[in-house]
1. What FRET efficiency do you get for ALA180 and ALA147 if R0 is 35 Å and r is their Cβ-Cβ distance, rounded to the nearest 0.05?
2. For the chain, what does the helix formula give at 222 nm: sum of -39500 (n - 2.57) over DSSP H segments with n ≥ 4, over the residue count, nearest 500 deg cm²/dmol?
3. Taking each full run of DSSP H in the chain as one helix, which ones are at least 20 Å long along their axis (Cα atoms) and have mean Kyte-Doolittle hydropathy of at least -0.5?
4. Given points 7 Å out from each Cα along the Cα-Cβ axis, report the ILE164 to ARG55 separation in nanometres with one decimal.
5. Counting Lys and Arg as +1 and Asp and Glu as -1, what is the net charge of the other residues whose Cβ lies under 12 Å from the Cβ of ILE153?
6. Highest first, please rank the peptides 38-47, 84-93, 178-187, 165-174 by the mean number of other Cβ atoms sitting within 10 Å of their residues.
7. Let me check I've understood the local charge: for LEU201, count other residues with C-beta under 12 angstrom from its C-beta, Lys and Arg +1, Asp and Glu -1. What total comes out?
8. Within the accessible area of the chain, what % is carbon and sulfur when the probe is 1.4 Å and the other protein chains stay in place?
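The values are calculated or read from the model by the stated rules, or taken from the named source; none is laboratory data. As the structure is a computational prediction, the values presented were derived from the model and not from experiment. Don't worry about glycine lacking a Cβ; one is built from the backbone with ideal geometry, like all the others, and counts go over all protein chains shown. These area figures cover heavy atoms from the full protein model, side chains too; ligands, DNA and RNA do not enter into them. Shrake-Rupley method; radii C 1.70, N 1.55, O 1.52, S 1.80 Å.
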Amino acid sequence: MGFVIAIAQRKGGAGKTTLACQLASALLDIGYRVCGLDLDEQMSFSCWAAQRRARLEDEPAFHFETPASYGFWSALRNARARSDFVIVDTPPAVDQRVKRAVREADLILIPLQLTPFDLDASLPTARLIGEEGKSARFFINRTPPRARVAGLIRAQIKSRNLPILDVEFGNRAAFAESVASGAGVVETAPSSLAADEARRLAAATLKLAGRNILAA
Ligand SMILES: Nc1ncnc2c1ncn2[C@@H]1O[C@H](COP(=O)(O)OP(=O)(O)OP(=O)(O)O)[C@@H](O)[C@H]1O
Ligand SMILES: [Mg+2]
């Protein structure tokens, strides 16, 4: 049965789709079967999947669906049945689509950039997840190297008792470049710092899912 990871964040441009693509690619690279579901009408995750299919042609471990709203549950049922991990990308909103994804998820990842605006804008997402009683982690994205404000925001997150994943992505061109070709950094730049971060993200996710890194 696939473990369902929803990626949610009301704030636009926080890195939801980047995270979805990089996590999918890193889990596939380990040998897990992954199914992606795109609930966002911007269809960025779907474009990535289409590029991936065009590039790799035959990748039996990877499935992808872009379900219409009424097709979400049957798509999710199929996805769970045929994969080890289901990754659901959602729109920058707190609406029915996001609520459904949050309700069905085993884990929710909330990408967050360390600015005051981003934290404030993400609180409705955190509230929704809290109301549903779901397990979630903030995922700090585009970490600024030395900004003092970043430390202040981290402290604010901690003071609100919001759990943070102990892996972050730096602000690195390699993430965007790999996504543009339907890949992840573990495929396009395997010896880069970005790839180290993506592999650590996969390892942290496996731990939360109670899966073994070697068991794929
Ligand atoms: N860690 C990173 N380093 C460099 N660029 C990044 C990083 N994360 C995201 N980006 C870039 O930031 C932009 C927004 O990222 P992305 O599309 O993943 O956000 P999103 O939350 O899915 O946006 P939306 O809310 O519109 O769906 C993209 O151009 C992406 O390439
Ligand atoms: Mg997106």
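1. Details: r = 27 Å, r/R0 = 0.76.
After rounding, the FRET efficiency stands at 0.85.
2. Numbers: 9 runs with 105 residues, N = 216.
Value at 222 nm, helices only: -15000 deg cm²/dmol.
3. Details: long enough: 16-30 (21 Å, 0.97); 116-131 (23 Å, 0.14); 193-209 (24 Å, 0.42).
Those that pass (Cα extent of 20 Å or more, hydropathy at least -0.5) are 16-30, 116-131, 193-209.
4. 3.1
5. Working: positive: ARG148, ARG154, LYS158, ARG160; negative: ASP118, ASP120.
Around ILE153, the surrounding residues sum to +2.
6. Values: 38-47: 18.9, 84-93: 24.7, 178-187: 22.0, 165-174: 16.1.
The packing order, highest mean first, is 84-93, 178-187, 38-47, 165-174.
7. Numbers: positive: ARG137, ARG199, ARG200, LYS207; negative: ASP29, ASP166, GLU168, ASP196, GLU197.
Charge balance in the 12 Å sphere: -1.
8. On the way: 4970 of 9830 Å².
On the chain, the fraction of accessible area on carbon and sulfur atoms equals 50 percent.
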